[in-house]
Amino acid sequence: MIFYLDSLHPQLRRAMMYLEDELWSKAVESCERVLDMEPENPYAYLIEMMAQLRLHSEEELNNHTKSIRENSLFRKAIHFADTELAAVLNGCADAIEERLEQARREAEEAEWRLCYSKALALMKTDATEEQLAEAKNLLERIAEHQNVEEEWKICCERLEKLRNISKAKKEKESRLWTIVALGITALLVVICVVISSSNAKRAAQIEEKLPGLVFEGVS
C-alpha cells in the first residue's frame, strides 16, 4: 500500500480522483499546486507520474508494463521519500522489473521452441538444400539456449551430402557442355574445309572449260 488517502494533502486526494476519471491534466495541475507549497512532497511527484503514464490507480501502477525506475518524477519521489516509503516504492519498481524480465524470458523461450519446431519441419525426408541450410541456421540460433547438437549434426551431414551431389551434377553438366562445344567446333571446321574444297574443285572445272578466265576471290 503506497497511498494512505487520509494522510494525503487535500489537493492530492483530488488528484487521485482525477486519475480515476482520466482527467490527466487536472491531476497534474493539482500536484503542481502542492509542489508549489511543498516542493519535497514525494506523493505529489508520484501521482504526477501516474497522470503522465495514464494510470488510474495504485493497482495499475503496481501492474505497469514498463519500468518506472528511470522516470524523472519517480526518482524525485524516491529522493524525497522517507525510509518506509522509499522501501515501498523500490519494491514496486523491483516487482515491475521482475515481471518484465519474466515476460521477456517467456517470450524468448517461446521463440526458441518455434525455431526448433520450424527447423525439424524443414528437415523432412525430401528436404532441399535450401531448406536444410535454413534449418541449420535456426538450430545454430538457439544452440546457446537449447541442446540441439544431435539435430544440428544430422542436418549438417545431410546438407553436406546434398551439396556434394549438387557439385558433382554441375561438374558433370560442365563436362558435357564442354564436349558438346568441342563437337560443334569440330563440325564447323569440317564444314568449312568441305565448302572450301568444293569451291576450289568447281573453280578448277570452270577454268578447264574457259581457259584464261580469272576468278577473283575464289581460292
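The values are calculated or read from the model by the stated rules, or taken from the named source; none is laboratory data. On a predicted model such as this, the values are computed, not experimentally measured, just so you know. Neighbour counts run over all protein chains shown; Cβ positions are idealised from the backbone, glycine included. Note: accessible area is taken over every heavy atom of the protein model, side chains too, but ligands, DNA and RNA are not part of it. Shrake-Rupley method; radii C 1.70, N 1.55, O 1.52, S 1.80 Å.
See the values below:
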| read-out | value |
| --- | --- |
| The range 44-157 - Kirkwood radius from inverse mean 1/r over Cα pairs (Å) | 17.4 Å |
| Sum of -39500 (n - 2.57) over DSSP H runs of 4+, divided by residues of the chain (222 nm, nearest 500) | -26000 deg cm²/dmol |
| Of Ile191, Ile179, Ile78, the one that fluctuates the most in a GNM where the chain has Cα springs shorter than 10 Å | Ile191 |
| Tail weight of P(r) past 18 Å, computed on alpha-carbon pairs of the range 128-176, percent | 41 percent |
| Between the range 110-136 and the range 144-187, the Cα center-to-center distance that results, in Å | 20 Å |
| Entries of Lys118/Lys167; Lys118/Lys172; Lys118/Lys170; Lys124/Lys172; Lys124/Lys169; Lys118/Lys153 with Cα pairs more than 24 Å apart | Lys118/Lys167; Lys118/Lys172; Lys118/Lys170; Lys124/Lys172 |
| Trypsin sites (Lys or Arg not before Pro) within the range 111-210: DSSP coil, no more than 12 neighbouring Cβ in 10 Å | Lys124 |
| Loop-located GluC sites (Glu not before Pro) in the range 33-120, at most 11 other Cβ atoms within 10 Å (DSSP) | Glu40, Glu70 |
| Accessible area per residue in Å² at 1.4 Å probe, computed on the chain | 69 Å² |
| Kirkwood Rh and Cα Rg combined as Rg over Rh, evaluated for the chain | 1.66 |
